[in-house]
Amino acid sequence: MKQYEVNFDGLVGPTHNYAGLSFGNVASLNNANAVSNPKEAAKQGLLKMKALADMGMQQGILAPQERPDIAMLRRLGFTGSDATVLENAAKNAKQVFLACCSASSMWTANAATVSPSPDTADGRVHFTPANLTNKFHRSLEPRVTGNILKATFANEKYFAHHTHLPDNDHFGDEGAANHTRLCTDYGHAGLELFVYGRHAFDASKPAPTRYPARQTLEACQAIARLHGLSDESVVYMQQNPDVIDQGVFHNDVISVGNQNVLFYHEQAFLNTQSSLDEIRQKFGEHPLHFIEVKTSAVSVEDAVKTYLFNTQIITLPDNTMAIIAPTECEENPAVHQYLQELVTLGTPIKEVKYFDVKQSMRNGGGPACLRLRVALTEHELDAVNPYTLMNDDQFKRLNTWVDKHYRDALTENDLRDPQLLMESRAALDELTQLMKLGSVYPFQQD
Ligand SMILES: N=C(N)NCCC[C@H](NC(=O)CCC(=O)O)C(=O)O
């Protein structure tokens with residue numbers, strides 16, 4: 001049976017903006033209050049999706065969420081018409097208001113953790129939406145993420161959907177950004193690597209001191225239990241607290257894996273050698289490539305600036321691997337030189353393709369942040385909602401939809417405009433029809 005890794009990219013929402021909401025994420029803080037361009041952001045994302053589909057990859061699309069989140073503002077005590085809620089929140093609780101406006105659901109690497117069917121006890125693909133508790137603006141996402149995942153993977157025979165972990169910092173979970181799966185082939189049982197930033201119930205263990213560790217060991221362990229993963233198919237690794245303190249807020253900013261390749265910075269992990277030994281032992285006798293990048297070749301600072309490790313490593317139909325990198329990697333001499341050398345090192349990675357995703361990069365989201373990987377067999381792929389898969393027709397439809405509904409400049413002040421709320425709801429309502437999602441948004445359920 002054929003098997004695929006399908007990248008489900010987040011479609012950028014109509015209110016994409018820069019609000020400096022993510023302490024510990026350097027790009028987010030540096031670009032606070034910059035003018036965003038939602039139309040360009042959505043189109044950059046669609047072009048990346050279409051390019052991967054054109055390479056012969058299976059490519060999926062996950063719908064964005066509704067923002068401003070009026071339901072949350074009401075829950076926080078703002079009353080009156082939607083326009084009054086917006087006006088009062090923007091005037092009297094600006095930071096809360098901005099958090100409720102973030103289009104951060106575009107980074108679907110944080111949407112959920114996914115375990116493919118060969119790894120799980122009941123042979124189904126398991127999904128747990130991330131609770132994203134560490135940042136208020138991201139903690140608004142899991143319920144609607146669950147609705148969108150259920151509408152995309154809507155077949156209980158093949159797909160199991162869990163509720164997100166308890167909304168508490170002890171179980172802080174950032175989804176697939178801290179999870180990588182190694183395997184010989186997508187359809188064979190794999191080894192799931194969970195990378196955590198701290199121990200929630202043991203303060204004596206190492207932890208960062210400057211920036212927050214968003215993911216806990218206990219959250220990783222809960223997900224492995226929920227998904228029915230055996231101890232032999234899981235490795236828990238601690239992220240190096242020093243790199244979190246240098247702006248590596250998710251593990252996918254410092255390491256990425258695909259099939260039998262693990263590509264990581266020398267400083268990525270805390271107990272690197274023992275973790276790699278455990279991986280080697282659990283992976284078995286098959287060839288495995290650990291590609292370690294030394295600090296002398298690329299500093300952590302350059303890795304964070306260029307997102308060298310937030311690249312997607314994909315296996316092309318001819319079975320070679322390519323790296324999908326942001327153009328920032330091409331523009332940085334040390335990183336560009338490293339990537340030129342990498343494809344000559346005799347690893348499965350044979351080419352690098354650069355994409356302009358600058359609208360997303362300015363908020364700290366590279367190519368890999370924009371996608372959720374779902375390994376599927378042929379039958380499972382047939383059970384996916386077909387309107388969530390990228391092809392020429394869907395590409396055209398979605399571009400036309402973006403042209404019709406999106407603005408090309410958005411400032412903080414625009415976010416309080418009731419007209420923007422109406423435009424966004426009209427756009428999303430139409431999108432749920434284009435993608436045959438049903439009523440996934442609170443405004444459609446009232
Ligand atoms: N590494 C991965 N997988 N994802 C990147 C997520 C970026 C996101 N930025 C933001 O939420 C910034 C929003 C703002 O500042 O307006 C975050 O920090 O959670």
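The values are calculated or read from the model by the stated rules, or taken from the named source; none is laboratory data. All figures in this text were calculated on a predicted structure; none of them were measured in a lab. Don't worry about glycine lacking a Cβ; one is built from the backbone with ideal geometry, like all the others, and counts go over all protein chains shown. Surface accessibility is based on the protein's heavy atoms, side chains included, excluding ligands, DNA and RNA. Shrake-Rupley method; radii C 1.70, N 1.55, O 1.52, S 1.80 Å.
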Within the stretch 191-206, of all residues that are hydrophobic (A, V, I, L, M, F, W, C) and open to solvent by 50 Å² or more (accessible area, probe 1.4 Å), the one modelled with the lowest pLDDT is Ala203
Of the candidates Leu29, Leu47, the one satisfying the condition of being assigned to a helix (DSSP H, G or I), surrounded by fewer than 22 Cβ atoms within 10 Å (Cβ to Cβ) and within 13 Å of the ligand (Cβ to nearest atom) is Leu29
Quick check: anything in the stretch 346-364 small (Gly, Ala, Ser), surrounded by fewer than 17 Cβ atoms within 10 Å (Cβ to Cβ) and over 20 Å from the mean Cα position of the chain (by Cα)?
yes
For this session: For the stretch 208-228, indicate whether the set of residues that are farther than 18 Å from Thr133 by Cα, of a type in the set (A, V, I, L, M) and part of a loop (DSSP other than H, G, I, E, B) is non-empty.
Result: no
All conditions in (1) within 18 Å of Leu46 (Cβ to Cβ); (2) away from the ligand (no atom under 16 Å from the Cβ); (3) open to solvent by 50 Å² or more (accessible area, probe 1.4 Å) are true of Thr388 except (3)
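Conditions tested, residue by residue: (1) more than 16 Å from the ligand (Cβ to nearest atom); (2) surrounded by 21 or more Cβ atoms within 10 Å (Cβ to Cβ); (3) not acidic (Asp, Glu).
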site	(1), (2), (3)
Glu141	no, yes, no
Ala151	yes, no, yes
Ala154	yes, no, yes
Phe159	yes, yes, yes
Thr163	yes, no, yes
His170	yes, no, yes
Gly175	no, yes, yes
Arg181	no, yes, yes
Thr184	yes, no, yes
Condition check for Leu270: open to solvent by 10 Å² or more (accessible area, probe 1.4 Å) and within 29 Å of Asp9 (Cβ to Cβ): no
Scanning the stretch 183-196 residue by residue, those within 18 Å of the chain's Cα centre (by Cα) and among the hydrophobic types (A, V, I, L, M, F, W, C) turn out to be Leu193, Phe194, Val195
Q) With respect to Leu86, is the statement that it is in contact (Cβ under 8 Å) with a residue 40 or more places away in the chain and either more than 14 Å from the ligand (Cβ to nearest atom) or β-branched (Val, Ile, Thr) (or both) true? A) yes
Reported set for the stretch 15-26 where residues are within 8 Å of the ligand (Cβ to nearest atom), closer than 18 Å to Asn413 by Cα and of a type in the set (S, T, N, Q) is Asn17
- Query: Looking at this structure, is Phe443 surrounded by fewer than 19 Cβ atoms within 10 Å (Cβ to Cβ), within 24 Å of Val6 (Cα to Cα) and among the aromatic types (Phe, Trp, Tyr)?
  - Reply: no
For Phe78, the lone unmet condition from (1) in contact (Cβ under 8 Å) with a residue 40 or more places away in the chain; (2) surrounded by 17 or more Cβ atoms within 10 Å (Cβ to Cβ); (3) more than 12 Å from the ligand (Cβ to nearest atom) is (1)
Matching residues in the stretch 98-110 (within 8 Å of the chain's Cα centre (by Cα) and open to solvent by 10 Å² or more (accessible area, probe 1.4 Å)) number 1
Of those in the stretch 392-413 that are over 26 Å from Gly56 (Cα atoms) and without any contact (Cβ under 8 Å) to a residue 40 or more places away in the chain, the residue surrounded by the most Cβ atoms within 10 Å (Cβ to Cβ) is Lys404
(1) within 16 Å of the ligand (Cβ to nearest atom); (2) open to solvent by 10 Å² or more (accessible area, probe 1.4 Å); (3) at positive phi all hold for Gln95 apart from (3)
Practice task
For the stretch 417-433, indicate whether the set of residues that are within 16 Å of the ligand (Cβ to nearest atom), open to solvent by 30 Å² or more (accessible area, probe 1.4 Å), in contact (Cβ under 8 Å) with a residue 24 or more places away in the chain and of a type outside the set (A, V, I, L, M) is non-empty.
Solution key: no
With criteria (1) more than 15 Å from the ligand (Cβ to nearest atom); (2) under 25 Å from Val402 (Cα atoms); (3) open to solvent by 10 Å² or more (accessible area, probe 1.4 Å), Val6 comes up short on (3)
Residues in the stretch 32-43 that are within 15 Å of the ligand (Cβ to nearest atom) and open to solvent by 10 Å² or more (accessible area, probe 1.4 Å) total 5
When the stretch 115-136 is checked residue by residue, the ones that are open to solvent by 10 Å² or more (accessible area, probe 1.4 Å) and within 16 Å of the ligand (Cβ to nearest atom) are Thr133, Asn134, Lys135, Phe136
